[in-house]
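The values are calculated or read from the model by the stated rules, or taken from the named source; none is laboratory data. Treat the numbers as computed from the prediction; the structure is a model and nothing was measured. For the accessible areas, the whole protein counts, side chains as well, though only heavy atoms, and no ligand, DNA or RNA atoms are used. Shrake-Rupley method; radii C 1.70, N 1.55, O 1.52, S 1.80 Å.
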Amino acid sequence: MMPTFVIAIDGPAASGKSSVSKLLARRLHCAHVNSGALYRAAAWGILESGADPTDPAAVTAAAHTLQLDWAPDRQDFTLLVNGQDPGPHLRDAAVAASVSPVASVPAVRDIITAFLRHMAEGRSLIMEGRDIGSVVFPETPYKFYIDASEEIRLSRRLAQGETDSPLSRDRQDSTRKTAPLKIAEDALVIDSTHLSLDAVVQQALDGLTARGLAIPAE
Ligand code: CDP
């Protein structure tokens with residue numbers, strides 16, 4: 001079997017993780033997983049069950065009844081929650097408001113972390129999130145933390161037409177006890193505040209080369 005790799009891309013909301021991850025996945029011919037979509041899908045499933053997303057005991061009980069399935073779909077993944085496609089609901093206001101409290105519950109993190117590790121079995125992928133380099137794949141040498149100023153992140157989110165409050169989610173994600181958003185010790189930090197998307201991708205490719213990953217010719 002070909003050796004596989006995992007590239008972890010962490011950072012706060014609207015720092016540019018998704019755009020960079022998608023371009024890198026295309027360039028490296030590997031799959032891309034947005035772990036935030038899994039947390040959003042879990043939050044949606046928990047809301048659908050009627051559980052109070054701010055009650056950790058209720059969230060824990062509901063999380064254990066969630067049936068999560070996935071199928072690889074070329075460079076992406078199709079996700080099912082209790083047999084339903086959560087895709088159309090992932091950006092709902094109710095989901096955006098409850099995802100951080102749901103994601104702070106240890107049982108939810110255990111379930112999603114196991115799921116994410118399973119996705120990487122036997123395949124190379126780029127995974128973006130908050131704790132991918134620090135908790136989910138601490139052994140990968142390919143770790144990035146993409147940052148940007150609050151002002152730029154807010155303006156990017158508004159330009160995307162999103163009305164939720166990413167900065168308040170950042171605060172919740174950074175201060176939670178389990179797997180908080182933080183920079184892994186060995187992560188390469190890229191501040192995208194004054195960089196174009198292409199420049200961020202190039203810095204990431206240079207970092208991967210420096211850490212020994214062979215980049216295929218374009
Ligand atoms: O799109 P945006 O960067 O705003 O958020 P997202 O990647 O969709 O993640 C939504 C939420 O999921 C975050 O605010 C975190 O609460 C949670 N999350 C997490 O706890 N751990 C991850 N690895 C990814 C997301």
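Using θ = phi - 60° in the Karplus curve 6.51 cos²θ - 1.76 cosθ + 1.60, the 3J(HN,Hα) couplings for segment 103-110 round to 6, 8, 7, x, 5, 5, 4, 4 Hz; x is entered for Gly and Pro. All C-alpha to C-alpha distances of segment 6-210, sorted into 5 Å bins beginning at zero, yield P(r) values of 1, 8, 16, 20, 21, 18, 11, 4, 1, 0 percent in whole numbers.
Derived scalar couplings between HN and Hα for segment 179-191 equal 6, x, 5, 7, 7, 4, 3, 9, 7, 8, 9, 10, 8 Hz in order, rounded to whole Hz, by the Karplus curve 6.51 cos²θ - 1.76 cosθ + 1.60 (θ = phi - 60°), x for Gly and Pro.
Take the chain with all the other protein chains still there, run a 1.4 Å probe, and you get 48 Å² of accessible area per residue. For segment 6-210, the share of DSSP beta bridges that are antiparallel, to the nearest 5, is 30%.
Converting phi to 3J(HN,Hα) with the Karplus coefficients 6.51, -1.76 and 1.60 and the offset θ = phi - 60°, segment 88-94 yields x, 9, 5, 9, 4, 4, 5 Hz in sequence order, with x at every glycine or proline.
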